[in-house]
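J.: Here's a structure for you.
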Amino acid sequence: MRHERIAGSARNLSKRAALVFALALVVAPVPSVAGPSTPPYEINTILPLTGGAAFLGQPQALALQVLERVVNARGGIQGRPIHFAIQDDQTSPQVGVQLANQVIAKGAPLIVGSSLVAICRAMAPLMKDGPVMYCLSPGIHPDEGSYVFTASVSTRDLTQATIRFFRGRGWTHIALLVSTDATGQDAEEGILAAVAQPQNQDVQIVAREHFNPQDVSVAAQIARIAAAQPQALIAWSTGAPIGTVFKAIAQSELGIPVATTNGNQTYAQMQQYASFLPPELYFPTSMWPAYQALPPGRVKQAQKAFFDALHAANTKPDLGASIAWDPAQIVVDALRHLGTEATATQIRDYIAHLRGIAGISGIYDFKTTPQRGLGLQDAIVTRWNSGTQTWDPVSGPGGEPMR
């Protein structure tokens, strides 16, 4: 019974897919590999390898390097090897813009990255007429038809799934603590929009607190939250700031369920904060952690290929690796079909018309969900299991609690 809702939805997603094919890694034929003299096709990639978001950028870079080896072992792009040419934006929007301008000056049709809302937002206006930018943060919301695509389930759908899960568990008095940066602002907007929906009329935000990511303490905010007597807390920020929040929660002995962004769904974060993590900690995310719960099918097949490839590289994947995997494969799929001379417009139009693509995060349909391909039906809620060091699915698609 525990996994019936995820299993049932996975079957329905497969049935509704308009095309029946999976991403390149799973089913692509293996042509002859080009000779060593063939120069690789460079996929320009901008990631935070240093700075506050390195906990995301470094596993993303590793996943792309693994995928590069797998793709090249299967013949690359029409016999030509690929190379993810990764540059470090240092977790800085200004550096991200500088690097993006350098890529544009080269006439490249494509950029993968970056990893944070603020950096992607800073880079996105540069893509008005191309190149294609595939951001690896779910917290931006590109205009339909633009050259900007974005990874995973939208933060708006993730927050909606969280509210639905909390409501289904009977936690209708909710406190909110968000950072004042772009990540927190985006989340707060999504949470308030979710609470305003008719089905959530019984849900109340009983405390609404904010903090600066540079703050060394949020004890005062936690004290005000405790005074409001919420049944659950949504704490939304990424990286070191969420550690400040978790520490304050532990020190105050605020013993209520806590949900946070899947941007913190990394082993680095869980290990660093292990001594003061909330005992009941939830992460809304896409389908990638639900491998054991899924029935046989194309999503499970894509996930197996992903886990096998990372395992072969002695890596246990988390959000960082998973959020980069599908976008990179979608880009490779586009280039395999269009060739290495493809323009930004051709790549954009190809991706925009993809339907029925099975990835590790769900079934992609860019016609139904432009610029992203995934929707609320691809969102689940997971709970951190400190004993097994895994994120266990505790909801079906859309956040409906498991019975």
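The values are calculated or read from the model by the stated rules, or taken from the named source; none is laboratory data. Just so you know, these numbers come straight off a predicted model, no measurement behind them. All Cβ positions, even for glycine, are placed from backbone atoms using ideal geometry, and neighbour counts span all protein chains on display.
J.: Kindly indicate the residue of region 266-302 that is over 25 Å from Gly255 (Cβ atoms) and more than 20 Å from the chain's Cα centre (by Cα) and also surrounded by the fewest Cβ atoms within 10 Å (Cβ to Cβ) among those meeting that condition.
T.: The extreme case among them is Pro296.
J.: Select from region 156-209 the residues that are among the hydroxyl-bearing types (Ser, Thr, Tyr) and farther than 23 Å from Gly243 by Cα and list them in ascending order. Talk me through it step by step, then tell me what you get.
T.: Going residue by residue through region 156-209, those that are among the hydroxyl-bearing types (Ser, Thr, Tyr) are 159, 162, 172, 179-180, 183.
Scanning region 156-209 gives a single hit, Thr172.
J.: Would you be able to say whether some residue in region 332-341 is more than 20 Å from the chain's Cα centre (by Cα), basic (Lys, Arg) and within 27 Å of Pro59 (Cα to Cα)?
T.: Of all residues in region 332-341, those more than 20 Å from the chain's Cα centre (by Cα) come to 334-341.
Of the ones still in play, those that are also basic (Lys, Arg) are 336.
Imposing the further condition that a residue be within 27 Å of Pro59 (Cα to Cα) reduces the set to 336.
Checking region 332-341: at least one residue is more than 20 Å from the chain's Cα centre (by Cα), basic (Lys, Arg) and within 27 Å of Pro59 (Cα to Cα).
J.: Regarding region 342-351, can at least one residue be identified that is hydroxyl-bearing (Ser, Thr, Tyr), out of contact with any strand residue (DSSP E or B) (no Cβ under 8 Å at 6 or more places or on another chain) and part of a helix (DSSP H, G or I)?
T.: yes
J.: Give the residue, chosen from Pro278, Pro289, that is assigned to a loop (DSSP other than H, G, I, E, B) and not polar (S, T, N, Q). Can you show your working first?
T.: Numbers: Pro289 fails: assigned to a loop (DSSP other than H, G, I, E, B).
From the options Pro278, Pro289, the qualifying one is Pro278.
J.: Which pairs have Cβ atoms under 7 Å, sit 6 or more apart or on different chains, and link a residue in region 346-357 that is modelled with pLDDT of 95 or more to one that is part of a loop (DSSP other than H, G, I, E, B) and basic (Lys, Arg)?
T.: Close Cβ pairs satisfying both conditions: His353/Lys367; Arg355/Lys367.
J.: Sticking with this structure for a sec: Being of a type in the set (A, V, I, L, M), touching a Leu at 6+ places or on another chain (Cβ under 6 Å) and more than 17 Å from Thr285 (Cα to Cα) is the requirement here; does Ala175 meet it? Outline the logic, then answer.
T.: Values: of a type in the set (A, V, I, L, M): yes; touching a Leu at 6+ places or on another chain (Cβ under 6 Å): yes; more than 17 Å from Thr285 (Cα to Cα): yes.
Here the answer is yes, as Ala175 does meet what is asked.
J.: Select from region 342-370 the residues that are under 22 Å from Ala290 (Cβ atoms) and of a type in the set (Gly, Ala, Ser) and write down the one among them that is nearest to the chain's Cα centre (by Cα).
T.: The qualifying residue nearest to the chain's Cα centre (by Cα) is Ser361.
J.: Report whether or not Pro296 is in the same structural domain as Ser361 (by TED's automatic domain parsing), assigned to a loop (DSSP other than H, G, I, E, B) and either over 22 Å from Gly190 (Cβ atoms) or not aliphatic (A, V, I, L, M) (or both). So that I can check it myself, show each step before the final result.
T.: Working: in the same structural domain as Ser361 (by TED's automatic domain parsing): yes; assigned to a loop (DSSP other than H, G, I, E, B): yes; either over 22 Å from Gly190 (Cβ atoms) or not aliphatic (A, V, I, L, M) (or both): yes.
Taking the combined requirement at face value, the residue satisfies it.
J.: Please verify whether region 157-176 includes one or more residues that are assigned to a loop (DSSP other than H, G, I, E, B), within 15 Å of the chain's Cα centre (by Cα) and surrounded by fewer than 24 Cβ atoms within 10 Å (Cβ to Cβ). Explain how you work it out, then say what you get.
T.: As a first pass, look at region 157-176 and keep what is assigned to a loop (DSSP other than H, G, I, E, B): 169-172.
In the following step, the residues that additionally are within 15 Å of the chain's Cα centre (by Cα) were identified as none.
The answer is no, given that none of the residues of region 157-176 is assigned to a loop (DSSP other than H, G, I, E, B), within 15 Å of the chain's Cα centre (by Cα) and surrounded by fewer than 24 Cβ atoms within 10 Å (Cβ to Cβ).
J.: For region 215-237, what are the residues that are buried (at least 24 other Cβ atoms within 10 Å of the Cβ) and under 27 Å from the mean Cα position of the chain (by Cα)? Let's see the steps before the verdict.
T.: Residues of region 215-237 buried (at least 24 other Cβ atoms within 10 Å of the Cβ): 218, 222, 225, 233-237.
Matches in region 215-237: Val218, Leu233, Ile234, Ala235, Trp236, Ser237.
J.: Are any residues in region 229-266 polar (S, T, N, Q) and more than 20 Å from Ile380 (Cα to Cα), and if so, which ones? Talk me through it step by step, then tell me what you get.
T.: Pass one, region 229-266, residues polar (S, T, N, Q): 229, 231, 237-238, 244, 251-252, 260-262, 264-266.
Once the filter is applied, which keeps residues that are polar (S, T, N, Q) and more than 20 Å from Ile380 (Cα to Cα), region 229-266 yields Gln229, Gln231, Thr244, Gln251, Ser252.
J.: Could you please find all residues in region 227-282 being in contact with an Asp or Glu (Cβ under 7 Å, 6 or more places away or on another chain), under 19 Å from Leu56 (Cα atoms) and not aromatic (Phe, Trp, Tyr)?
T.: Thr244, Gln265, Thr266
J.: Here are Ala293, Ala305, Ala268: which of them is among the small types (Gly, Ala, Ser) and at pLDDT 95 or above? Walk me through it before giving the result.
T.: Working: Ala293 fails: at pLDDT 95 or above; Ala268 fails: at pLDDT 95 or above.
When all the criteria are applied, what remains is Ala305.
J.: With the checklist (1) in a helix (DSSP H, G or I); (2) in contact with a strand residue (DSSP E or B) (Cβ under 9 Å, 6 or more places away or on another chain) in hand, flag the one item Ala194 doesn't pass.
T.: It is condition (2) that Ala194 fails.
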